Amino acid sequence: MKGLLATLSIGLLAFTPAASAIDGILPAVTVSTNPDGETQYSVTMQILLLMTAMSFLPAMVIMLTSFTRIVVVLSILRQAIGLQQTPSNQVIIGMSMFMTFFIMAPVFDKIYDDAVKPYMAEAVNVEQAFELGKQPIKTFMLAQTRLTDLDTFIEISGYQNINEPEDVPMSVLIPSFITSELKTAFQIGFMLFVPFLVLDLVVASILMAMGMMMLSPMIVSLPFKIMLFVLVDGWSLVMGTLANSFGVGV
């Protein structure tokens, strides 16, 4: 969590030097080569890169973290219970966001320790910090990606020199990860849907046996599904299952 906050802070602090650049205090955008062969960017260029990275932060949170799986499972759960607008979309997204922070906290902390802190201490440049910060995210994504999905996108991309999963470039890993997340989310959603479907079938059978053809089974079964979900402490079970599916708490 502190890693994410530190990254956001760097982006916000970048506004102050950027404002000075307008007055001509900072040098123009320049790219130079150090004696050791490394590329050195001017402060203005570094600020520009940080601000550009900040604009991709929402997409990164959605597609490179546990957010997708969580929000899909919670949406399926709401549909299974039969509640169309409760919890609302804002509540589901908020729950998914904070669950994502909880699950991804070790990854964010490692990014902070390995990339953000050295960069703030001027021990590494922007390119090195990016490469160091990419590794924890890549390790997390590889752990959640199925090999079948990875092989599919490797075959589509045409890469021939990939021998280990760690050699997979991010351009191949990201769609593989998203596909695996959607598959896992639908599997968990199916397991959540079955008990409520059984309850709907039982209620419909009882109503048909009683001759109540005009009464909707959904209306009768809804309070029973809500009561069943509350009695089994459903929210804790669902959240615990989602966290355990990422290896948290195991």
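Obtain the nm distance between the two label points defined at L215 and Q85 by a simple spin-label model: each point lies 7 Å from its Cα along the Cα-to-C-beta direction.
2.7 nm
To the nearest Å, what is the center-to-center distance of region 199-230 and region 58-117, using C-alpha atoms only?
For region 199-230 versus region 58-117, the Cα centre distance is 33 Å.
If the chain between L228 and F130 were fully stretched, how many nm would it gain, using 0.36 nm times the residue separation less the Cα-Cα distance? Don't skip to the end; give the middle numbers.
Working: separation 98, 0.36 × 98 = 35.28 nm, distance 4.80 nm.
Difference between extended and current length: 30.5 nm.
Using the basic label-point model (7 angstrom from Cα toward the beta carbon), what is the V198 to Q160 distance in nanometres?
5.4 nm
If you roll a 1.4 angstrom probe over the protein chains with everything in place, what fraction of the accessible area of region 80-191 belongs to carbon and sulfur, to the nearest %?
About 62 percent, which is the carbon plus sulfur part of the accessible surface.
How long is region 118-250 along each principal axis, judged by its Cα atoms, biggest number first, in Å?
If we take the Cα atoms of region 118-250, the spans are 74, 39, 25 Å.
The values are calculated or read from the model by the stated rules, or taken from the named source; none is laboratory data. As the structure is a computational prediction, the values presented were derived from the model and not from experiment. As a convention, Cβ positions derive from the backbone with ideal geometry for all residues, glycine included, and neighbour counts pool all protein chains shown. We work out accessible area using only protein heavy atoms, side chains counted, and drop any ligands, DNA or RNA first. Shrake-Rupley method; radii C 1.70, N 1.55, O 1.52, S 1.80 Å.
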